[in-house]
Each structure stands twice: as structure tokens, then as C-alpha cells.
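Heads up, the thing below is written out as C-alpha cells.
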Amino acid sequence: MPLLTKHINKFAWFYLACFLFNFIWLIIDGNLLTQYQPFFFTNRLDVSLSLLLNFNLHKLILESKIYCVVLDTLYFLSNLLLVVAHLKNSRYLKIFCATTLLFNLTFALIISITEIYTIERLFPNFIVPIIFWSRNFNWFYYSMYCIRIVFVIIFFSAALWKVRTGAIFNTEQMSAILIHQHTPYLLNNSENFYGQFILFLINHKLFAFSFYLLGFFSELVFSMAFFTKKYDKFLLVLFIGFLIFNLLLMRIDYLNWLIFSVCLFFSQKKLQAITTQNNV
């Protein structure tokens, strides 16, 4: 099926739905800067982060709640206005896109050093909006395809990393991960059903390792996306299952990555060789 204007509009609505879902999820979890007053910051080897810290933005966040409110509000409005500008085909679309990309990166860097979120969980926010740069069919098709490749590389490299570190050959790996991940939770909730289930997995290492293998092979299967788009719908289902698995078993919230699923959903749309109107 050829790529049509309605597909580009559907992408914009899907992006907005995913963003709103994840923003609401941040509110429910109490993980917005406004809700979570940071008391320490962690630095890492990151040039862009070091540049931000040189402007003392982290100190401003500590000194006043107003700055937290402003950052959370700008994060919400920049993404909302980007979608509106895209749907309205605004002449300022490129400006909205550039500012949203820049602010999403800034917000991700700031929120990651407060230990609220890891920057990896917000990674889609400062790469997927590049698709909004233009409503040109060629731009939409090729930018979405490039992001699809980046997404596949991330998943496939995760499987390779498990082989590189030898984790895939360690039958106690999953049990050790569960101990590290759930210790704070188990200290106060070891008697409920979920706590008992986690303790069962920790004590039955081989059974727990079967889940680790399942995750490994799920990541490995994404390698087929390098060669064909034929199975992208299957990979889409697998990806959503992977996110649910991480949330329920590991209590790791990667729901923000749902935005990437649009690259798998629309991947089989074909770019028309001749279009009567290239800009929509």
C-alpha cells in the first residue's frame, strides 16, 4: 500500500497519544520534576550533560520549585505544539521541530541526573520528533526508516551484549538481577503475591533463567529486520510484549519506547515513485 497523507497524519496522532500516555504515567508515578524534589545529582562522561551543568541548571532546580514547574510545562507544551504545527502544516514547523528536539534532549539530561529516570528511557523523545521536520513524503519515509534501523540496532545489540559479557551463559544471571532490582521492594512487601512470586524466581534460578533466555531470543529475533520488513508486524507484537514483560517482571518502565512502534507499524507503506504533490 502506498504512503498517503492520512498515514502521516496518523503518525502525528499516534505520537501525541504515546506522549500523553507517558506524561500521565510520569504524573501517576510522581516522577515529574515538580513532584520529585531532587536532593543530589549524578554526573557521567557526557559532553552535552557537562555543558548543561556548567550553566548551573541543576542548582536552579534545587533552589526553586518554579524552575521545575517551568521545565515540566515546557516539556509538555513543546511536544503538543509540535504535533499541532505538523497537522496544520505550519510555516514554522521546522522551528517547532528543532526547539522540541533540543528541549526534549535537555529535559532528558536533567531528569536523568536526578536519578528519577535513566536517559535511555527517554531516548525516543529526542530522536523520533525528527520525523516532524517536514510533511514531505520522501522525508517522512526515509527518516522513519532510519529511526527504524536505529531502533533495531539497539535491540539486536542488547542481545549481542549479553553474549559479549557472558551473561547468557550464566544460569544465575536472572536471579541476581531480580535481587538487585527488587531488594527495596521485598524489604517491605515480601508477603504479598508479587513479592512471593519474585522470591520464587530468585530461589529457582533455572526457572528464572528461562525468562532471561526468552528476553535474549526476543532481542535476537530483531536481526531479521535488517534484511526484510515482511515480519515487522510480528516484531511489533513481540516488542509490545517485551515492554509488558519488563514492566511486570522487572518493574522497569520503558513504556516511553512505545513511540518507536510507529516505525514498525508503517514500515510496509511504500513510497510512490511519482507523486502529484510531494508536499502535503
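Please determine, by comparing only the residues of the stretch 132-141 that are at pLDDT below 90 and part of a helix (DSSP H, G or I), which one is nearest to Ser267 (Cα to Cα). Quick ask: steps written out before the conclusion?
Our first condition is that a residue be at pLDDT below 90; within the stretch 132-141, this holds for 134-141.
Imposing the further condition that a residue be part of a helix (DSSP H, G or I) reduces the set to 137-141.
Details: Phe137: 13, Asn138: 13, Trp139: 14, Phe140: 11, Tyr141: 8 Å.
Applying the filter and picking the extreme gives Tyr141.
Which one of these does Lys270 not meet: (1) out of contact with any strand residue (DSSP E or B) (no Cβ under 9 Å at 6 or more places or on another chain); (2) touching a residue at least 24 places away in the same chain (Cβ under 8 Å)?
(1)
Residues in the stretch 164-173: is at least one in contact with a helix residue (DSSP H, G or I) (Cβ under 6 Å, 6 or more places away or on another chain) and of a type in the set (Lys, Arg)? Walk me through how you get there before you give the answer.
Narrowing the stretch 164-173 to residues in contact with a helix residue (DSSP H, G or I) (Cβ under 6 Å, 6 or more places away or on another chain): 167-168, 171-173.
The next check asks that each one be of a type in the set (Lys, Arg); those that pass are none.
Checking the stretch 164-173: not a single residue is in contact with a helix residue (DSSP H, G or I) (Cβ under 6 Å, 6 or more places away or on another chain) and of a type in the set (Lys, Arg).
So how many residues does the stretch 1-16 have that are at pLDDT 90 or above and loosely packed, with under 14 Cβ neighbours inside 10 Å?
1
Restricting the search to the stretch 106-131, which residues are among the aliphatic types (A, V, I, L, M) and more than 18 Å from Lys270 (Cα to Cα)? Break it down into steps so the answer makes sense when it comes.
Just the residues of the stretch 106-131 that are among the aliphatic types (A, V, I, L, M), to begin with: 108-111, 113, 116, 119, 122, 127-128, 130-131.
The answer is Ala108, Leu109, Ile110, Ile111, Ile113, Ile116, Ile119, Leu122, Ile127, Val128, Ile130.
Within the stretch 105-126, does at least one residue satisfy the condition of being in a helix (DSSP H, G or I) and either touching a Gly at 6+ places or on another chain (Cβ under 7 Å) or of a type in the set (Asp, Glu) (or both)?
Scanning the stretch 105-126 turns up at least one residue that is in a helix (DSSP H, G or I) and either touching a Gly at 6+ places or on another chain (Cβ under 7 Å) or of a type in the set (Asp, Glu) (or both).
Answer yes if at least one residue in the stretch 209-224 is assigned by TED's automatic domain parsing to the domain that holds Phe266, within 30 Å of Lys6 (Cβ to Cβ) and of a type in the set (Ser, Thr, Tyr), and no otherwise.
no
The values are calculated or read from the model by the stated rules, or taken from the named source; none is laboratory data. Predicted model only: the values in this text are computed from it and were never measured. All Cβ positions, glycine included, derive from the backbone under ideal geometry; neighbour counts span all protein chains shown.
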